[in-house]
Every structure is written in structure tokens, then in C-alpha cells.
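The values are calculated or read from the model by the stated rules, or taken from the named source; none is laboratory data. Values in this document were obtained by computation on a predicted structure and should not be read as measured data. Please note: Cβ atoms are built from the backbone with ideal geometry, for glycine as well, and neighbour counts cover all protein chains shown. Heavy atoms of the whole protein, side chains included, go into the accessibility calculation; ligands, DNA and RNA do not. Shrake-Rupley method; radii C 1.70, N 1.55, O 1.52, S 1.80 Å.
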Amino acid sequence: MKNIVIFGAPGSGKGTQSALLVEKYGFKHISTGDVLRAEIKQGTELGKTAQSYIDNGKLIPDALMVDILASVYDGMCPCEGVIFDGFPRTVPQAEALKSMLAQRGTEVSAMLELDVPDEMLMERLVNRGKTSGRADDNAETIRKRLDVYNNQTAPLIEWYEKEGKRNAVKGYGEIEEINAALCAVIDNL
């Protein structure tokens, strides 16, 4: 079983590439964004709590996310593999994920990093907001999200490098080229 962390700033293409990898390899996909949006749409207490963090461009508390993901993961497995999309976002979350997987006798196989310059990310997210209607894809919130990413999430690059799991891929250009680079990493695991 392969546990893959797909990593990159908001708008880097994690969702697009995850869908292609799921199709090719038969992996399951856990998108924290999708999980949280479903909770918000259903109006659950978790959804209301999550919405207050999201509206302010902040991250969901670690303990809450780990509990949610453990439950979703357990409901999907056994399987060929799982792509974690949007988690972990901090070093403590990465440590919690490592621990959660170890309790299940497995580990992260690779961290796939989609590297995209901030200017491209802003353009992608503003355009996505115009077509998707996602309230969090506006210039002010995007700036906050990129600041949070650069300050709190980017340190994961070094953490996964030390773990020997980091695989950086250019996250811009043709979708097929990006996907081919990601598949090359997975095929070599």
C-alpha cells in the first residue's frame, strides 16, 4: 500500500493531479478541503467551527483534523493506496500523520511537492473563484492563505526532506507533463 502526501500551496493543482493519480493507480483520495466543505454544507458543529477558521484564512486545529482523517482513512482501507491532499500542513500534523499511520502498520511512501511561483498561484485562485463561486477564492483571502502557507506549511518541505520522502516536481506547464513527473516518482517507489 502506498500513502502519498501531495503537497503545494493553495492553487498548485493538488486536486487536479490527485484525480489523475486516483484514476491511474486506483488510490483513494482524502482531500481535507472536500471533507471540511462537506461538513460545512451539512451544517454540522464541526462544519460551523471549521467555517470560522476558513473565513479568517486560518488553519483548522491539528487534533480535530487528525481525528477526522483517521476516521476517513479507516473507512477507506484496505486499498491500493491513499493520497492525502491538503494534509499535513504543519510539522506537528506531519508527526501526527506519521504516528497515525504507524499505529496501522504503514507509513508515508512519498511526499510529492508541486512547486508553483506565488504570482501564478494568485492568478489561478482568482480565476478559480470567478468560475467556482468558492467564497475563499478572493484576493484578500488568497493573500492570507498564501501567507499561512509560506509561514506555517512550507517548513514541511525541510521536514519531509529529512525523512527522505520529499519529491519536488514543477507544478506549472501542461497538466499531462506534471502528471508524468508525478507518476515517475510513484512508479519508482
Residue pairs, Cβ under 6 Å, 6 or more apart or interchain, first in region 1-21 and closer than 19 Å to Thr153 by Cα and touching a residue at least 12 places away in the same chain (Cβ under 8 Å), second surrounded by fewer than 22 Cβ atoms within 10 Å (Cβ to Cβ) and basic (Lys, Arg). List them.
Gly11/Arg124
Looking at region 160-173, is at least one residue hydrophobic (A, V, I, L, M, F, W, C), closer than 15 Å to Ala9 by Cβ and out of contact with any Cys (no Cβ under 8 Å at 6 or more places or on another chain)?
yes
Looking at Ile40, Ile30, Ile68, Ile54, which one is in contact with an Asp or Glu (Cβ under 9 Å, 6 or more places away or on another chain), within 23 Å of Arg143 (Cα to Cα) and of a type in the set (A, V, I, L, M)?
Ile54
In region 129-160, which residue that is of a type in the set (Asp, Glu) and assigned to a helix (DSSP H, G or I) is least open to solvent (accessible area, probe 1.4 Å)?
Asp147
Only listed residue being open to solvent by 40 Å² or more (accessible area, probe 1.4 Å) and on the phi < 0 side of the Ramachandran plot, chosen from Lys58, Lys14
Lys58
Right, Lys170: of a type outside the set (S, T, N, Q), at pLDDT 95 or above and open to solvent by 60 Å² or more (accessible area, probe 1.4 Å) or not?
yes
Checking Asp74 against (1) modelled with pLDDT under 90; (2) among the acidic types (Asp, Glu); (3) assigned to a helix (DSSP H, G or I), the condition it does not meet
(1)
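Mind telling me which of the residues Glu113, Glu163 ends up being in contact with a helix residue (DSSP H, G or I) (Cβ under 9 Å, 6 or more places away or on another chain), closer than 20 Å to Lys2 by Cβ and open to solvent by less than 30 Å² (accessible area, probe 1.4 Å)? Step through it out loud before you land on a result.
On the way: Glu163 fails: open to solvent by less than 30 Å² (accessible area, probe 1.4 Å).
When all the criteria are applied, what remains is Glu113.
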Out of Glu23, Glu113, report the one residue that is under 18 Å from Asn150 (Cα atoms), at pLDDT 95 or above and acidic (Asp, Glu).
Glu113
Working only within region 27-41, note down all residues that are under 13 Å from Lys2 (Cα atoms) and open to solvent by 40 Å² or more (accessible area, probe 1.4 Å).
Lys28, His29
